[in-house]
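Derivation of every value follows stated rules applied to the coordinates shown; laboratory data play no part. Quick caveat, the model's predicted, so the values are computed rather than measured.
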Amino acid sequence: MFKIFIISIFMYIYLTVLLRLFGKKEFSQLNVFDFVVFLVISEITTMSLETQDLSVLDSVIATLTLIILDRIESFITMRSKKLRDFFEGRPCYIIYRGKIQYQNMKKLRYSIDDLCHHLRVSDIDSVSKVDFAILETNGSLSVIPKQESQTLLPDALISDGCINQEALQILNKDEAWLKNELKKKHISHIEDVLYCVLEKKGLYVIKK
């Protein structure tokens, strides 16, 4: 009994430190990779406490390995949008400029009842009041009412020096148009732009 008591205290302290290393993400912000790491750590910890098949040292090595892998994944995805989209997925429009995107809903198996529920949670009683509704990668629905909407598309056209080709396609624009608009603001290089979004009154740009 005393051995289990000591091991439990050690695992509590160890997991607390480990989760601090994991980062300060809220559970709602976890991507698929993060969620899998949490589940596996939980299972490994349970096995080390309940059975003799896995020693405490083995569980420490296994969980540390998972945290290191998660740190590597975070480091890589911060520098590659393609890999970030692969690991974290991409947001999807459920309502775009006031129109329900039924084909997107079918692909995501997202029902009209789900949509109405999330709108009510956001204190919106009708689809007619919504300009954009975006299903985020964590499963939450971001809603932008028509009265508050300032953009033609809430997606960034440029993020940390990288052009969002999908956003340009949605707007029926191309890189030549984007570069021309940036030149009007005396910006010659895409790499100099931290954030760029198309508002109703024109491009809104933040330089690095």
Answer label for Rg and Dmax of the Cα atoms in Å (calculated), chosen among (i) 17.6, 56; (ii) 16.5, 54; (iii) 22.5, 74
(iii)
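Among the listed pairs Lys99/Lys183; Lys82/Lys173; Lys106/Lys201; Lys129/Lys185, which have their C-alpha atoms separated by more than 31 angstrom in this model? Can you show the working numbers first?
Details: Lys99/Lys183 33 Å; Lys82/Lys173 21 Å; Lys106/Lys201 34 Å; Lys129/Lys185 33 Å.
Long pairs (Cα-Cα over 31 Å): Lys99/Lys183; Lys106/Lys201; Lys129/Lys185.
For Lys184 and Thr16, calculate 0.36 nm times their separation in residues minus their Cα-Cα distance, and state this gained length in nm to one decimal. Please report the intermediate quantities before stating the final value.
Working: separation 168, 0.36 × 168 = 60.48 nm, distance 5.15 nm.
Answer, rounded to one decimal: 55.3 nm.
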Residue-span extension gain [Asn172 to Lys82] - 0.36 nm each, minus C-alpha spacing:
30.3 nm
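Quickly estimate the mean residue ellipticity at 222 nm for the chain, helices only: each DSSP H run with n ≥ 4 gives -39500 (n - 2.57), and the total goes over all residues, rounded to 500.
On the way: 8 runs with 105 residues, N = 208.
-16000 deg cm²/dmol, from helical runs alone.
From the Cα gyration tensor of the stretch 150-208, with a ≥ b ≥ c the square roots of its eigenvalues, which class applies: rounded if a/c is under 1.5, or else prolate if a/b is larger than b/c, or else oblate? Intermediate values should be presented prior to the final figure.
Working: a/c = 1.35, a/b = 1.29, b/c = 1.05.
Rounded.
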Between the alpha-carbon centers of the stretch 147-208 and the stretch 60-85, tell me the distance in whole angstrom.
29 Å
